Structure formats: C-alpha cells, structure tokens
Amino acid sequence: MNGARREEIEKQRRFEEFFRAQYARVEQYVSRRVPNSRVDDVVGATFAVAWRKFTKVESPSLPWLFRIASFEIKSSSRVARRSDVVLSPEVFETKWIESNEVFDGTPVLAAMAQLSEVDREILQLVHWDDLNRHEVAEVLNLTVSASNMRYHRALSRLEQMLSPKDNPTQEGVRQ
C-alpha cells in the first residue's frame, strides 16, 4: 500500500471515530433548531462539510461542528423559504423534552420564544448544549469577553421575562 492510500485510510478511521463520538450531540443541537423533518438532512450536511474540511482543521472539535451546523441550519432555512414552505415559528420541539419531571418548562419555553434569535442561541449553547464560554465563543466566532457579555445580557432578558410583573394588589392599597 502506498503512502497516500495509508493517509486516506487513517483520515477515514479518525473521522469515523470523531463522527461516532460527536453525532448524538450534533443531532441534539440541530433538533432544537429545525423541525424534525429537516434534522437528518442538516446533520448529514454538517458531517459532509466536516469530512471535506477534516484534515484542514488543526483540531476538529464539537464547537467546530456546531459552527458548521449553524451555517447548515441557516442554509436549510433559506432553501425552505425559497420553496415557499411555511415553517412554524416554533423554535423548540418536544423531541428533547423526555423527562418525567413535574416542571414541564412551559414558562421558560414561552419566554425563550420571545427572545431574539441571538439571545436564544447563546442561552441554548450554554445551557442545553453544555458548552463552556470558550467553546461558545468559538461557535459564534466571538471573543470570550464578547461571548460572556452577550450571555449575561441574554440571561438578564430571560430573567426579566420570567419575573412576576409588578402588579398592584389590594393588600398594598389603602381604602
């Protein structure tokens, strides 16, 4: 076997290992951002791009895959809009909510749906995709400090939406 063929086989082995280790996380990331009917297509396209770029990247990582996936999600959304497919504005599907806990998350989901796409994305990366701040910065192509600032601002806006509004009650009103 010649050297080029050995390199190709080694690349394929490393990519398969990487694919197996990261597939579930990428699928989870994508499934929270597109309708179930498009998840497989976006995940497949993400790994197709990753395969083409695999040897050109110094250290392929989960944030690197999330960044590729975010571009594929945007591309998929543009294609869907062009084909006049009307998508529900729902950002969240119940695929990832498989818990028997009493709290169903409805208030959080409702508040998240009211946030901007940028705010939702950073909160999801931190809290649902379990990325640290350096990884979030890599996915969003920001500095760590800019990523931290966006995160704290988004979290603050979410907290405001979830906080009870100051409604005057009868108890505090003198008669």
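The values are calculated or read from the model by the stated rules, or taken from the named source; none is laboratory data. Just so it is clear, the model here is predicted, and its values are computed rather than measured. Glycine also receives a Cβ, built like all others from the backbone with ideal geometry; neighbour counts cover every protein chain displayed. Side chains included, ligands, DNA and RNA excluded: accessible areas come from the protein's heavy atoms. Shrake-Rupley method; radii C 1.70, N 1.55, O 1.52, S 1.80 Å.
If ALA50 passes every condition in (1) within 26 Å of GLU138 (Cβ to Cβ); (2) modelled with pLDDT under 90; (3) out of contact with any Lys or Arg (no Cβ under 9 Å at 6 or more places or on another chain) but one, which one does it miss?
In the conditions (1) within 26 Å of GLU138 (Cβ to Cβ); (2) modelled with pLDDT under 90; (3) out of contact with any Lys or Arg (no Cβ under 9 Å at 6 or more places or on another chain), ALA50 misses (2) alone.
Which of the following residues is at pLDDT 90 or above and surrounded by 12 or more Cβ atoms within 10 Å (Cβ to Cβ): PHE71, PHE92?
PHE71
Among all residue pairs at least 6 apart or on different chains, which show Cβ distances below 7 Å where the first residue, located in the range 61-74, is among the β-branched types (Val, Ile, Thr) and the second is surrounded by fewer than 19 Cβ atoms within 10 Å (Cβ to Cβ)?
Going by the 7 Å Cβ cut-off, the qualifying pairs are ILE68/VAL49.
Any residue that is assigned to a helix (DSSP H, G or I), surrounded by 13 or more Cβ atoms within 10 Å (Cβ to Cβ), under 11 Å from the mean Cα position of the chain (by Cα) and at pLDDT 70 or above - is there at least one of those in the range 97-109?
There is no residue in the range 97-109 that is assigned to a helix (DSSP H, G or I), surrounded by 13 or more Cβ atoms within 10 Å (Cβ to Cβ), under 11 Å from the mean Cα position of the chain (by Cα) and at pLDDT 70 or above.
What is the residue count in the range 115-142 for residues that are open to solvent by less than 20 Å² (accessible area, probe 1.4 Å) and outside any helix (DSSP H, G or I)?
So the answer is 3.
Collect the residues in the range 36-61 that are more than 16 Å from the chain's Cα centre (by Cα) and not in a helix (DSSP H, G or I), keeping them in residue-number order.
Within the range 36-61, VAL57, GLU58, SER59, PRO60 qualify.
Do we have any residue at all in the range 1-13 that's closer than 17 Å to ALA69 by Cα and either buried (at least 19 other Cβ atoms within 10 Å of the Cβ) or of a type outside the set (A, V, I, L, M) (or both)?
There is no residue in the range 1-13 that is closer than 17 Å to ALA69 by Cα and either buried (at least 19 other Cβ atoms within 10 Å of the Cβ) or of a type outside the set (A, V, I, L, M) (or both).
Regarding ARG33, is this residue of a type in the set (Lys, Arg), assigned to a loop (DSSP other than H, G, I, E, B), within 13 Å of the chain's Cα centre (by Cα) and at negative phi?
So ARG33 passes the test.
Could you go through the range 14-23 and let me know if any residue there is under 23 Å from VAL136 (Cα atoms), open to solvent by 40 Å² or more (accessible area, probe 1.4 Å) and small (Gly, Ala, Ser).
Yes, there is a match, as at least one residue in the range 14-23 is under 23 Å from VAL136 (Cα atoms), open to solvent by 40 Å² or more (accessible area, probe 1.4 Å) and small (Gly, Ala, Ser).
Considering (1) at pLDDT below 90; (2) surrounded by fewer than 12 Cβ atoms within 10 Å (Cβ to Cβ), say which one SER145 fails and leave the rest.
Every condition holds for SER145 apart from (1).
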